[in-house]
Amino acid sequence: MTMHYELLANRILERAAIHFPNKEIATRVGECTHRYTYAEMFERTSRLGNALRELGVGPGDRVGTFAWNTYRHLEAYFAPATIGAVTHTINIRLAPDDMAYIINHAGDKVLLIDPDLAPLIEAIADRLTSVQHFVILGDSSEMATSLSGALCYETLLAAASPEYRPADVDEYSTMGLCYTSATTGLPKGVAYSHRAVYLHSMTAATADMLAVSERDRIMAIVPMFHANCWGFPYAATMVGASQIFPGVRPDPRVICEMIERERVTISAGVPTIWIGVLDYLQRSGAEYDLSSLRQVVSGGSAVPLAVLQAYRDQLGVEIVHAYGMTEAAPLISVNRRRSWLDDLPDEQRLELNASQGVVAPGIDMKLADENGEDLAWDGEQRGELWFRGPWVADEYVDDERSAETFIDGWYHSGDIATIDANGYIQIVDRVKDMVKSGGEWISSVDLESAIMAHPDVLEAAVIAIPDAQWQERPLACVVARSEASGPLTRDTILDFIRPDFARWWLPDDVVFIDEIPKTSVGKFDKKVLRARFEDHR
Ligand code: ADP
């Protein structure tokens, strides 16, 4: 037998302190950059653990974070774990009702709050039932808040012992908590064990997954409250990569400047981020040296083929498509080309890159029909993806809705896909976003990707609108580029995609809008669009 060895998230932190004490962590703070090392990060994280203990936080207690991507948030990613407590990353863009709901539902005992976000918590403070301490993530000059008894993070750390005293916990104990972003109904909580985070980090780091190494300088744009920031803070710490944090409200200009100045090698964010960066570069004509970028990881929703192509051809940057969800900590698959597919013609290669890639080692995947029977991996048959594995949730935290999603040991993702003979997943749509026309399904994702290939289109979302004859019909909502070469019309769009689709797939109409509404994590918010165009005929 091998040794009994608990897979604890603390060990990720310890490893960075032992092997990479001098590696850098840089955070944008206004016009300046805060820099320190893993050695300092380790000491401050130890202090934070002790400070939380002094505030009465013990094993199993929840510590909420309400913050941008910064070094202090990184400390909060680890400190609760070292004392057996739980980091609950709260989405700062949720509606106030949802925010209050998840803080109360999680039972957060302490909230760690970025100074400029304090007003959002102040507005719901009287509805919070479990919070005993509000801690402002700043120094004594940043304490302008009406939150009662608010404590200062830097003062707490300065007063706390720097001694590292990890709690003795079981690898199956909870260390992380994240709620889905509530596209329908109330947010649902997902708990992560130490073991899940440890194994997820090891797998994420491997070359066919996120491929992070000590040599990398990693800047995640995906918020630290969105699905564990896709695992980057943990994986980067494990391998000793330099971490770059974009701080408060990073916009496309900030992202480009940081990539250039910090020589970022890996960045990550949802497609709307990368669409925005490209649009900014094209509109402003600004030039940045992005040559340090080895890869941009994009996921959270399908990456349009045109975006992949533009990054490759115009910027010389490879976009790597990743797929996952809060329920899977979040990584399910990453798109890397298999060696035997190297000779594919260019067009097919690009199409392959636009798929969601191949499932991670450690994750079991099933393509199921409506009766739960296996469908063939032939690139044709469409079914729902089910998953199980060491970092896949087996329930929502204290939530009756668990029974609809976690069934007989499988997580039912609600994602409709095909899988080809090489194991590449192609997401067709989310079940709730498909358009059901005359009993047949139309994929909104396919239509959107085709429309977004038009050079004058910035963004496009396709939604179902009610139809008396067909039950539902597709409607395309399109945002034209500001510098479009001519007026965009319904017919320009439909003529452009006509060759690629059966006639009954073509949207009944095209509406032009100023902006596609986004969810709290930056995805197209189709719920809002459906409500807006409910009566469109
Ligand atoms: P939320 O549910 O709060 O939007 P998640 O990030 O957990 O946040 O959402 C996961 C879902 O996002 C997946 O089930 C899938 O529908 C979609 N998704 C994630 N990554 C991709 C991708 N690369 N391509 C297409 N859809 C994706």
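None of the figures in this text is laboratory data; all of them are computed from the coordinates on show. It should be emphasised that the depicted structure is a prediction, and the values quoted were computed from it without experimental measurement. Reconstructed Cβ throughout: ideal geometry from the backbone, glycine too, with neighbour counts over all protein chains shown.
Computed over segment 123-208, relative contact order equals 17 percent, with contacts defined as Cα pairs under 8 Å that lie 6+ residues apart.
Annotation for segment 432-494: GluC sites (Glu not before Pro) lying in DSSP loop with at most 14 further Cβ atoms inside 10 Å of their Cβ are E483.
In a reduced charge model with +1 at each Lys and Arg Cβ and -1 at each Asp and Glu Cβ, segment 10-250 shows a dipole moment near 360 debye about its Cα centre.
In this structure, R430 and E24 have a Cβ-Cβ separation that, at R0 = 35 Å, corresponds to a calculated FRET efficiency of about 0.35. Placing unit charges on the Cβ atoms only, positive for Lys and Arg and negative for Asp and Glu, gives the chain a dipole magnitude near 1020 debye about its Cα centre. When the Cα positions of L385, G414, V317 are compared along the charge dipole of the chain, V317 comes out farthest toward the positive end, with charges on each C-beta of Lys, Arg, Asp and Glu.
Cross-link check: pairs K366/K518; K188/K527; K188/K523; K436/K527; K432/K518; K188/K436 evaluated at a Cα-Cα cut-off of 24 Å; pairs beyond the cut-off: K366/K518; K188/K436. Positive end of the dipole of the chain (Cβ unit charges, origin at the Cα centre): among V358, M143, V307, the Cα lying farthest that way belongs to M143. Let's test the formula: R0 of 30 Å, r as the Cβ-Cβ distance of E54 and A123. What FRET efficiency results, to the nearest 0.05? About 0.60, to the nearest 0.05. Positive contributions from Lys and Arg (+1) and negative ones from Asp and Glu (-1), summed over other residues with Cβ under 11 Å from the Cβ of R44, come out at -2. Contact order for segment 435-532, expressed relative to its length and based on alpha carbon pairs under 8 Å spaced 6+ residues apart, stands at 27 percent. Rounded to a whole number, what is D in µm²/s for the chain from Stokes-Einstein with the Kirkwood radius over alpha-carbon pairs (37 °C, 0.692 mPa s)? The Stokes-Einstein estimate is 136 µm²/s. For T145, no residue has an amide H sitting under 5 Å from its own, ignoring neighbours fewer than 5 places away on the same chain, with H placed 1.01 Å from N. Estimated from helices alone, the mean residue ellipticity of the chain at 222 nm is -8000 deg cm²/dmol (sum of -39500 (n - 2.57) over DSSP H runs with n ≥ 4, per residue).
Arranged from fewest to most other beta-carbon atoms within 10 Å of their beta carbon, H200, H226 become H226, H200. Beta bridges per DSSP, both residues in the chain: antiparallel share near 60 percent. Put a dot 7 Å past the Cα of D398, heading toward its Cβ, do the same for A502, and the two dots end up 4.8 nm apart.
Long hydrophobic helices in the chain: the complete DSSP H runs spanning 20 Å or more by Cα along their own axis with mean Kyte-Doolittle hydropathy of at least -1.0 are 38-54.
With K and R counted +1 and D and E -1, the other residues having a Cβ less than 15 Å from that of A79 yield a net charge of -1. Sparse packing (at most 10 other Cβ atoms within 10 Å of the Cβ) combined with a DSSP loop state is found for none of the chymotrypsin sites (Phe, Trp or Tyr not before Pro) in segment 221-256. Each peptide in 368-379, 239-250, 428-439 was scored by the mean count of other Cβ atoms within 10 Å over its residues; highest first, the order is 239-250, 428-439, 368-379. Using Cβ point charges alone (K and R +1, D and E -1), the dipole size of segment 435-532 about the Cα centre works out to roughly 340 debye.
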